[in-house]
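The values are calculated or read from the model by the stated rules, or taken from the named source; none is laboratory data. Bear in mind the structure is a predicted one, so any value in this text is a computation, not a measurement. So basically every Cβ, Gly included, is an ideal-geometry build from the backbone, and we count neighbours across all protein chains shown. Just so you know, the surface numbers come from the protein's heavy atoms only, side chains and all, with ligands and any DNA or RNA stripped out. Shrake-Rupley method; radii C 1.70, N 1.55, O 1.52, S 1.80 Å.
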Amino acid sequence: MRMVAVLAAATLLAASACGSGHDDPPPPSTVEVFSWWAEGGEKAGLDALVARFGTDCPGQRFENGAVAGGAGVNAKQALTERMVRHDPPDTFQAHAGAELLDYIDAGQVEDLTAYYADWGLRDVLPARLIDDLTVRDKIYSVPADIHRANVVWTNPSVLAGAGITTPPKDLPAFLGDLAKLKAAGVEAPLALGRDWTQLMLLESVLITDLGADRFAGLFTGATDWKGAPVTKAIGDFATLLDYGNPDRDSLDWPQAERLLIDGKAGYQLMGDWAAADLTAKGFPGYGWFTFPGNGNTFQWLADSFTLSTGATNIGGTECWLKTVSSAAGQQVFNEAKGSIPARTDVPAAGFSPYQQSAMTDWKSAVQVPSCAHGSACSQGWQSAVNAALRAYSAAPDAGTLQAALADAATRFIRS
Ligand code: GAL
């Protein structure tokens, strides 16, 4: 309640500052927005949102606090350091789910529940997403998007060169197509990147080998990481890695994607930020399919924005959050970002064919969360798993990897 009063007062101040009637308008207040959207389709999405913010929030100036690096690997560390120094940005990007809980438990984000009522968000966001955002009856962030993680992107002309014209129906067929590409002279048919991108690939394989329910159970304690299906998945993952580029550990996802664009690879498993990025980089003719064997499973993650504890410009940040959560904001942002709006009332027209297919799937698919992108795993868990994958990539030993994954689950699972 106290929070709501503070916010209301700050908003009034911001509003009266904008309409004070003096000849010289006051200098704009600054809202520092922290994210990891620094290039390509990600930056295009952020820019679209910033333009909307400029219209919605006169008197407020956007300050870009972005720290580059896919999946926020560098940004999250930089954010933690700023938190320790008591120098938080006004608002920061955080994944809905387990990752957000880290910030909530540390008292680093404010309760935004009152905004949900003021802005009518409960009526326009999926009930399931609201549930995922709700912690002890409160909500601490507003979602900007829904991304899908388990998608394979293709270079259709590379595939055609090896006689591949249809998506594989299952994992063995996918391995068959990778072998065809190799035989046709494509040295690294599957474009691979560093640790967290390998985790995404492993998660997709786990969905295929365990099925959606047992996959989701890996993060609740219902499924044993030491079990035979996980052993099988690690074996399939190892086979897939053999079809990839050997310099995988030194590439972030856009550099791996470059192999696809340049025709050096036929496939890349990546979240659907790739859809916007491929277009932004002049390659709109990509193909896509859900990872083979995943059936109608939609592995979801959602970017959301918070109000930092200790934010200096509360009124301006409130306006940023309102833009992020608005139908108009979600339309322009998601069109440019490759994701789909978290809101259910944004019209599909204007979105790419890929995005329109994702919107349809989101309504009917089986939803499972992502560890690499925080809907399933806390940051500590993610770091432990990424470290295990780095170790595996350097010196592959299936037993060591499975034991490390099981150990991480034991240490970080929340009851
Ligand atoms: C995810 C994030 C996406 C995109 C991606 C690649 O964690 O949710 O919006 O930024 O990383 O960097």
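In the P(r) worked out for region 138-206, what percent of Cα pairs fall beyond 13 Å?
Values: 1705 of 2346 pairs.
Percentage above 13 Å: 73.
Would you kindly calculate the mean projected area, averaged across all directions, of the convex hull enclosing the Cα atoms of region 41-197, in square nanometres? Please list the in-between numbers first.
Numbers: hull surface 53.6 nm².
With every direction weighted equally, the projected area is 13.4 nm².
Take the chain, connect every pair of alpha-carbon atoms lying under 10 Å apart with a spring to form a Gaussian network, then pick out the residue of 124, 385, 332 with the largest mean-square fluctuation.
Highest fluctuation of the listed residues: 124.
Would you mind giving the three semi-axes, in whole Å and largest first, of the ellipsoid equivalent to the chain according to its Cα gyration tensor? The partial results should precede the final answer.
Working: eigenvalues 289, 111, 69 Å².
That gives 38, 24, 19 Å for the three semi-axes.
Mind ranking 156-168, 238-250 by how tightly packed they are, going by the mean number of other C-beta atoms within 10 angstrom, highest first?
Working: 156-168: 15.1, 238-250: 16.7.
Answer by packing, highest mean first, reads 238-250, 156-168.
Could you work out what % of the accessible surface of the chain is carbon and sulfur, using a 1.4 angstrom probe and leaving DNA, RNA and ligands out of the count? Don't skip to the end; give the middle numbers.
Details: 8930 of 16280 Å².
Its accessible area is 55 percent carbon and sulfur atoms.
Not counting ligands, DNA or RNA, and with a 1.4 Å probe, what is residue 113's accessible surface area in Å² rounded to the nearest 10?
My reading of the accessible area for residue 113 is about 30 Å².
Below 8 Å between Cα atoms, with a sequence gap of 6+, how large is the relative contact order for the chain in percent? Each step should come with its number before you reach the end.
On the way: 728 pairs, mean separation 117.5, N = 415.
Computed value for the chain: 28 percent relative contact order.
Which value in deg cm²/dmol, rounded to the nearest 500, describes the helix-derived mean residue ellipticity at 222 nm for the chain, given -39,500 (n - 2.57) per DSSP H run of n ≥ 4 and division by the residue count? Before the final figure, lay out the partial values.
On the way: 19 runs with 209 residues, N = 415.
Calculated mean residue ellipticity at 222 nm is -15000 deg cm²/dmol.
Got a number for the accessible area of residue 305? Probe 1.4 Å, square angstrom, nearest 10.
Taking all protein chains as shown, residue 305 has close to 0 Å².
For region 363-415, max minus min Cα coordinate along each principal axis, in Å, sorted largest first?
Computed over region 363-415, the largest-to-smallest principal extents equal 41, 24, 16 Å.
Would you mind checking the tilt of helix 353-364 against the longest principal axis of the Cα atoms of the chain, expressed as 0 to 90 degrees and rounded to 10?
Value to nearest ten degrees: 90.
Tell me the accessible surface of residue 231 in square angstrom (1.4 angstrom probe, heavy atoms of protein chains only), to the nearest ten.
Approximately 70 Å² of residue 231 is accessible to the 1.4 Å probe.
Hey, in the GNM for the chain with a 10 angstrom Cα cutoff, which one of 365, 342, 311 fluctuates hardest?
365
Would you list 76, 180 from the most to the least accessible area, probe 1.4 Å? Walk me through the numbers on the way to the answer.
Working: 76 20, 180 100 Å².
The most accessible residue leads, giving 180, 76.
So what's the Cα pair-distance distribution over region 230-374, bin width 10 Å, in %?
Bins of 10 Å from zero give 9, 31, 35, 18, 6, 0 percent of pairs.
With the chain treated as a Gaussian network of Cα nodes joined by springs under 10 Å, which of 255, 60, 299 yields the largest mean-square fluctuation?
Judging by the Gaussian network model, the answer is 255.
Which lysines have a Cα less than 30 Å from the Cα of residue 169, not counting those fewer than 8 places away in the same chain?
Qualifying lysines at Cα under 30 Å: 180, 182, 226, 232, 264, 281, 337, 363.
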